[in-house]
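Each reported figure results from applying straightforward, stated rules to the coordinates on display, with no laboratory input. Not measured: the values here are computed from a predicted model. Glycine gets a Cβ as well: all are built from the backbone with ideal geometry, and neighbour counts include every protein chain shown.
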Amino acid sequence: MKIKFQPKRVHKYCILFMTITLLLQNGKQTVEMNRLFGRGKAKEPPPSLTHAIQNVDARAEHIDTKISRLDQELNKYREQMNRMRDGPAKTALKQKALKVLRQKRLYENQRDNLTQQSFNMEQSNFAIQSLKDTQATVQAMKSGLKDMKRQQKNLRIDSIEDLQDELADMVENSNEIQEALGQTYGMPEIDDDELEAELEALKDEIVLDRDSTYIDDALRAPVVPIKEPGSETATTSSTSQVPVDEFGLPKLPAT
């Protein structure tokens, strides 16, 4: 089998090999240069608005400290002036107090300016953060919408209805199986007329059980015999003409 020589392909491979060689050489040179002279300083990120607010607030607090120190000095001068009489010494002390008061006013103006700057930056930072939150909310809503669409593609109302029908059929079949398993075997048939007659008989027995008149009649009869048992077959009470037997019970009339 003869191999056909292709100059164009060989030329491409040569160019690729030379490019890789140059890149490797440049990489080695870069490593050596970094080793000799060190790497350049990385670019610092631009200051954030939050960092700027913190710096301004720190400057304002530092100025507040200076104002407090000037207030203490003014109070000291005021007390000294109250104890001094009018004269050159009091006038000189007054000039010092005015100088301190002038410095205090300058510091107060600087503090107010810094406070306003901090407030403006906080408002801007709040607006930026609100926009970021809104953007994140919109992105989350878009992502949620995509997920809902993707999930709904897998759900069809026809398949859900078929599933409900199959479940209903399964429940019906299960009930039929339970009924079939609950059937009794070899039970004799019972006549409804016989059951009704037995029920009526039970009602009569309940009525007789509730009727206690025969007990009251027996209690009204004398229970103490006049003579000893066995002396006579039949006697009568001294207080009643009802015949009793040897046990003192009312004797039933002969039929």
Relative contact order for the stretch 54-123 using alpha-carbon pairs under 8 Å, separation at least 6, rounded to a whole percent?
55 percent
In units of 2.2 N^0.38 Å, what is the alpha-carbon radius of gyration of the stretch 54-123?
1.46
Please check which bits of the stretch 64-79 a label hung off Lys90 would reach, taking the label as a point 7 Å along Cα-to-C-beta and the cut-off as backbone N under 16 Å.
77-79
Give the span of the stretch 54-174's Cα atoms along each principal axis, as three whole-Å numbers ordered largest to smallest.
118, 30, 15
